[in-house]
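Asks: A single structure is presented below for examination.
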């Protein structure tokens, strides 16, 4: 069996991916529309793809279902290549969430395979290669968002592909691989700017070699023509910067202040905010990054690698340090998002494989036969199994009530599990019906282009996206309250009010004049005409 695995590494990887797919219940999750944790941001992504599909929009002019202050729904964030591609696939196969989710999962597979090939080439050991991939992919950020709608994991995955081609350059010293890696890093950075940490690491390493601080490849230089070889990465950064400027212009022009297009730094937070955010980061966000065992192992691996710095591969050691500096800088620059926005950490996951690879290289330099020791392999197998379980358990808890894995009390506090169970129940009792109401809306004459007011919904897009209906929610327009708010939306073209929780009719007295003409009901949803 061991010989078969050694001779057929690709089959081993395929088996790992199949196991990973079913371990995380992707065979069910893949068919979910935007749902569960950060459904708000999921819905925004789904909305952009949906508007490309429904309205055949130009590539550089995306919009969302929420009309917004611009009265046209136009807004933009990430480079929309994935959203646009999804819309084209929908035109071929029909509009199904599974196509969107599986496209992002396919991109993840390509990234993980790139990491697998790098690790296999370095160690010539299938088990160690699968270990590196397993610990990386079992981060709850990857297990949850890897088969989802957000762009963070696809950007991370494309960056891993970029690292594969850079590794090819490292081994073969052919500039074509360097150019391909720069193009992939460019695409990753356009999709999610947080992934430029990889470009920064390479450029930083090149600069250190250029000034004579270190030779990155044994006793010779890696970059023989540094002033030429750095050009692709400078171009990549220039194009990413240009894209950010276009995003700011587009959003300003259309009053589309939906997405964060700047920084949200530490120094802009009050003392109370700093403490609150830091406690939230340590108490919740960090454990979405990975399990305590893996976090401790990564910290230990970094410390050990630094102590034995001279025994490490020079490029990996330097890159490891630069990435850690990049992560810390990013933490400071975007500090205020780390109260709840765990997906901002997806591109931090790059520190996991590089730390493990670095640690293993140092161990091998100290003891070349260490991975033939039975107790070392038992320890690695234990960490691997625990890590895979941890990521799957959190993902299952976020998507299903009373899942067997998430009931084991091994990975997170009971109060967290109970919260997830409550959120599933509450969602199904209210907004869950929006997922299937669209055919009914069409049957009573409401068209997708008819503007509605959807309440209660504090998000930008969730209920609108699920119903495939343009209009307004409770989000925004803070200067308008009560009757004035509804009248304003009417003046903006709203024709109907759709209520997914009738308790608001009792809590908001100002709605009574606008809910006299009921034209339909579907499960817990009531529909009223404003005319």
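Rule-based calculations on the coordinates, nothing more; no lab input. None of these values were measured; they are calculated from a predicted model. Ideal geometry is used to build each Cβ from the backbone, glycine not excepted, and the neighbour counts take in all protein chains shown.
Asks: For a protection proxy built on the mean count of beta-carbon atoms within 10 angstrom, sort 100-108, 5-13 highest first, please.
Replies: 100-108, 5-13
Asks: On a 0 to 90 degree scale, rounded to 10, what angle separates helix 374-399 from the longest Cα axis of the chain?
Replies: 10
Asks: So what is the 222 nm mean residue ellipticity for the chain from helices alone, if each DSSP H run of at least 4 adds -39500 (n - 2.57) and you divide by all residues, rounding to the nearest 500 deg cm²/dmol?
Replies: -19000 deg cm²/dmol
Asks: Once the Cα atoms of helix 81-93 and of the chain are each reduced to a long axis, what angle between those two axes, in degrees from 0 to 90 to the nearest 10, is obtained?
Replies: Computed tilt is about 70 degrees.
Asks: Considering only DSSP beta bridges whose two residues both sit in the chain, what percent are antiparallel, to the nearest 5?
Replies: Once the DSSP bridges in the chain are tallied, antiparallel ones form about 55 percent.
Asks: Quickly work out the residue 215-to-residue 296 label distance, labels modelled 7 Å from Cα along the C-beta direction, and quote it in nm with one decimal.
Replies: 4.1
Asks: Related question: Go ahead and run the numbers for FRET between residue 72 and residue 519, Cβ-Cβ distance against an R0 of 30 Å, rounding to 0.05.
Replies: Rounded to the nearest 0.05, the efficiency is 0.65.
Asks: Which residues in segment 56-92 have a backbone N closer than 11 Å to a point placed 7 Å from the Cα of residue 246 along the Cα-to-Cβ line?
Replies: 59-62, 79-81
Asks: Rounded, prolate or oblate for segment 50-156? Axes are the square roots of the Cα gyration tensor eigenvalues, ordered a ≥ b ≥ c, and the cut-off for rounded is a/c under 1.5.
Replies: It comes out prolate by the Cα gyration axes.
Asks: Given an 8 Å cut-off on Cα distances and at least 6 residues of separation, report the relative contact order of segment 292-398 as a percent.
Replies: 39
Asks: FRET efficiency for residue 503 and residue 425, Cβ-Cβ distance as r, R0 = 22 Å, nearest 0.05?
Replies: 0.90
Asks: Which order results if 502, 252, 194 are arranged by neighbouring Cβ count within 10 Å, fewest first?
Replies: 252, 502, 194
Asks: Taking R0 as 41 Å, what FRET efficiency do you get between residue 4 and residue 404 from their Cβ-Cβ distance, rounded to the nearest 0.05?
Replies: FRET efficiency, residue 4 to residue 404: 0.85.
Asks: Another question, then. Using only the Cα atoms of segment 176-289, build the gyration tensor, take square roots of its eigenvalues as a ≥ b ≥ c, and label the shape rounded, prolate or oblate: rounded if a/c is under 1.5, else prolate if a/b is larger than b/c, else oblate.
Replies: oblate
Asks: Could you give the nm distance between label points at residue 474 and residue 510, where each point is 7 Å from its Cα heading toward the beta carbon?
Replies: Roughly 1.4 nm, to one decimal.
Asks: Fully extended, how many nm does the chain gain between residue 173 and residue 438 (0.36 nm per residue separation, minus their Cα-Cα distance)?
Replies: Result for the pair: 89.8 nm of gain on full extension.
Asks: When a footprinting reagent is the concern and you count Cβ atoms within 10 Å, what order do 379, 466 take, fewest first?
Replies: In increasing order of surrounding Cβ atoms, one gets 379, 466.
Asks: What angle do you read, to the nearest 10 degrees and between 0 and 90, between the alpha-carbon axis of helix 231-253 and the longest principal axis of the chain?
Replies: The angle comes out at about 10 degrees.
Asks: Now a separate question. Which whole-number percentage describes the relative contact order of the chain, with Cα contacts under 8 Å and a sequence gap of 6 or more?
Replies: 16
Asks: For a test of the definition: using alpha carbon positions, the gyration tensor, and the 1.5 limit on a/c, classify segment 257-412 as rounded, prolate or oblate.
Replies: Cα axes put segment 257-412 in the oblate bin.
Asks: Residue separation times 0.36 nm, minus the C-alpha to C-alpha distance between residue 98 and residue 264: what's the value?
Replies: Result for the pair: 56.4 nm of gain on full extension.
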